[in-house]
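Everything below concerns the one structure shown next.
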Amino acid sequence: MSTTQQPINSGFNAASTTSDVISGINLVGKVAIVTGGYAGLGLDTARTLALAGARVIVPARDVERARRNAAEIGGGIEIQPMDLTDPASIDAFAKNFVNSGLPLHILVNNAGIMALDDLQRDARGNELQFSTNHLGHFQLVARLWPALVRAKGARVVSVSSLGHRFSPVVFDDINFERRAYDPWAAYGQSKTANVLLAVAVDERGKEHGIRAFSLHPGGIVGTGLTSHFSVETLQAHGVLDANGKPILDPSLDLKSVPQGAATQVWCATSRQLDGKGGVFCMDSDIAPVLSDGTAFTIARNSEPGRVAGVEAYAIDREAAERLWTLSEKMTGVRVGA
């Protein structure tokens, strides 16, 4: 377990926004890639990095939609095709970038799906949430590794969730072949994998100046992740009011998009994290390690006194190494290969 996994009193809090955390930071000459950077948290992240001077590239499955959304915020974001569930698409995007000779200073693995009601699999038979949220990003990191090394100081940011508390990675049955499928267990497993990926990337990358972080953005309605939930369900979980409008209360982890995206922008750019890595963050600070064993449910996100932090199993280095090795086997991809 990381000895650096403890708050640093950054001066920011749950109500801090992307504008707050980027203040005073100049990214001119830096290159960033933001997956899912054309909607919700990803779009605000891409916008913020671009306004600070970075060249921002957004890989997108729906290129036309991505271009429309980018144009609505004034442009400055480059859209290129890529599908996280299509290994050939990931390879093509990464090959083009690496062959461009550009360094990659910031990689934000933001795209994701959540709690699919029915068990779905990708073309290789892998459970779709694990495939999209973890395996696709693992392959992207591995393929972009030469560009990250080239930056001589890069950050890889994995957008996870407090939902990692729903489940560790169940190594004996990741793809729900021998256990009953549960949408929240599958989501939790994939979000734990996001945290473990940051641990493994940081361990491998720090000698090359690559540091990695994972984070919980907050509970944000309207990012697309909750599109398959009914209004009644979201109201029951305390994130929509009686009129169907989002409830905003950062103290209960119910945030606006700029508040939710703040932590990933902070992880990607803050000098407060220089020399650190492999840690899980929330509210634009490093989160504490949980030790009380309190069970996690969706409703806890909207209850006063929520238990906030990272489970020890999600930052365990042995588990991170095991996941890295398994991910190489599942994707057939190795760093530098």
Exercise for review: Scan the stretch 22-36 residue by residue and report those that are among the hydrophobic types (A, V, I, L, M, F, W, C) and either part of a loop (DSSP other than H, G, I, E, B) or modelled with pLDDT under 95 (or both).
Suggested key: I25, L27, V28
Practice item. Considering only the stretch 241-266, state which residues are within 25 Å of I315 (Cα to Cα), modelled with pLDDT of 95 or more and either surrounded by fewer than 18 Cβ atoms within 10 Å (Cβ to Cβ) or in contact with a helix residue (DSSP H, G or I) (Cβ under 7 Å, 6 or more places away or on another chain) (or both). Key: Q259, G260, A261, A262, Q264, V265, W266
**Study point:** Of the criteria (1) within 24 Å of T192 (Cα to Cα); (2) part of a helix (DSSP H, G or I); (3) hydroxyl-bearing (S, T, Y), which one S19 fails
**Key:** (1)
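For the stretch 37-143, which helices (runs of 4 or more DSSP H) that fit wholly inside it have 3 or more residues that are surrounded by fewer than 16 Cβ atoms within 10 Å (Cβ to Cβ)? Steps first, answer last, please.
Working: elements: 40-51, 63-72, 87-99.
Because the criterion is at least 3 residues that are surrounded by fewer than 16 Cβ atoms within 10 Å (Cβ to Cβ), the helices (runs of 4 or more DSSP H) in the stretch 37-143 that meet it are 63-72, 87-99.
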Exercise for review: Tally the residues that are buried (at least 24 other Cβ atoms within 10 Å of the Cβ), in contact with a Gly (Cβ under 7 Å, 6 or more places away or on another chain) and part of a helix (DSSP H, G or I), restricting the search to the stretch 186-213.
Suggested key: 5
Check your understanding: Taking only pairs six or more apart or across chains, which ones have beta-carbon atoms under 7 Å, a first residue in the stretch 324-335 that is closer than 19 Å to D86 by Cβ, and a second residue that is surrounded by fewer than 16 Cβ atoms within 10 Å (Cβ to Cβ) and not acidic (D, E)?
Key -> E328/R334
Review point. Hey, does the stretch 284-300 have a residue that's over 20 Å from L196 (Cβ atoms) and modelled with pLDDT of 95 or more?
Key: yes
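The values are calculated or read from the model by the stated rules, or taken from the named source; none is laboratory data. These numbers were taken from a predicted model, which means no experiment stands behind them. Positions of Cβ are generated from backbone atoms using ideal geometry, with glycine treated the same way; all protein chains shown enter the neighbour counts.
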